[in-house]
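**Student:** Here it is, the structure, as structure tokens.
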Amino acid sequence: NDTYLIFDDYHSLENSAAIDGIIAYLLENMPKRLHIIICSRTGPSFPLTQLKSKDELFELTTDFFRFTKEEIQALFTAVFNIKLNPEQIDWLHEHSEGWPAFIRLVLHSYEIIPSKQHGSFFALIQENYKKIAEDIFNYFAFEIFKNETKENQNFLIDCSLFDYLNPDVCRVITGKNDSQKILDDLARRNAF
């Protein structure tokens, strides 16, 4: 039988060289019917080149998990039997950037609204956007931000007024010459 060994939240190991070494050894020497699944916000620090060259690696990156406009429409149709118009889909896609957690919070806000009149649904969602944004902030604060180093937390706070973080602007705001390095590290680890 095939056996699956699953490592969830691998990023929580914080670059453990010992564990990375064990997994790398296992990948090189494992039997054919063993399959390893690593779920992580960051890529593992051990090399995957050999697996890629043999076409023995299946990788799902963050872009795979973002909803398209069509998928957002399908979700609302399937869950609430509501067909959103193109402007509403555009609004949701723009504000969520396709992230399922945001869309789920939107759906959750609808579940707690007593009136389920389809015509007023989207207006209520837009009215409740501030509450939804609070939920997103709380998710970010407790799931991501609190796990960052103090240096990265200060960096993010200093740059928090910007929708997009540009290394040059961050360097001017924070006075840190390594802004590009910090941003690259945050991006590499999928901190956002």
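The values are calculated or read from the model by the stated rules, or taken from the named source; none is laboratory data. This one's a predicted model, so the numbers in the text were calculated from it and none came from an experiment. Note: ideal-geometry Cβ built from the backbone for every residue, glycine included; neighbour counts use all protein chains shown. Only protein heavy atoms, including side chains, enter the accessible area calculation; ligands, DNA and RNA are left aside. Shrake-Rupley method; radii C 1.70, N 1.55, O 1.52, S 1.80 Å.
**Student:** Give the residues of the range 30-58 that are farther than 18 Å from Asn1 by Cα, out of contact with any Phe, Trp or Tyr (no Cβ under 9 Å at 6 or more places or on another chain) and open to solvent by 40 Å² or more (accessible area, probe 1.4 Å), sorted by residue number.
**Tutor:** The answer is Gly43, Ser45, Pro47, Thr49, Gln50, Lys52, Ser53, Lys54, Asp55, Glu56, Leu57, Phe58.
**Student:** Name the residues in the range 34-68 that are in contact with a Ser or Thr (Cβ under 9 Å, 6 or more places away or on another chain), over 22 Å from Ala17 (Cβ atoms) and in a loop (DSSP other than H, G, I, E, B), would you?
**Tutor:** Passing the criteria: Arg66, Phe67.
**Student:** Now, a different point. Tell me yes or no: at least one residue of the range 112-125 is hydrophobic (A, V, I, L, M, F, W, C), open to solvent by 60 Å² or more (accessible area, probe 1.4 Å) and either modelled with pLDDT of 85 or more or part of a helix (DSSP H, G or I) (or both). Quick ask: steps written out before the conclusion?
**Tutor:** In the first step, residues of the range 112-125 are kept if they are hydrophobic (A, V, I, L, M, F, W, C); the result is 112-113, 121-125.
Those left that are additionally open to solvent by 60 Å² or more (accessible area, probe 1.4 Å): 112.
When the remaining residues are screened for being either modelled with pLDDT of 85 or more or part of a helix (DSSP H, G or I) (or both), the result is none.
No, every residue in the range 112-125 fails to be hydrophobic (A, V, I, L, M, F, W, C), open to solvent by 60 Å² or more (accessible area, probe 1.4 Å) and either modelled with pLDDT of 85 or more or part of a helix (DSSP H, G or I) (or both).
**Student:** From the residues in the range 1-27 that are open to solvent by 100 Å² or more (accessible area, probe 1.4 Å) and modelled with pLDDT under 85, which one is farthest from the chain's Cα centre (by Cα)? It would help to see each step written out before you state the result.
**Tutor:** So in the range 1-27, the residues open to solvent by 100 Å² or more (accessible area, probe 1.4 Å) come out as 1, 4, 6, 8, 14-15, 22, 25.
Checking which are modelled with pLDDT under 85 leaves us with 14-15.
Values: Glu14: 18, Asn15: 19 Å.
That would be Asn15.
One line per residue, one yes/no per condition, for (1) farther than 23 Å from His11 by Cα; (2) open to solvent by 80 Å² or more (accessible area, probe 1.4 Å); (3) part of a helix (DSSP H, G or I):
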site	(1), (2), (3)
Gln153	no, no, yes
Ile157	no, yes, yes
Asp163	yes, yes, no
Arg171	yes, yes, yes
Leu186	no, no, yes
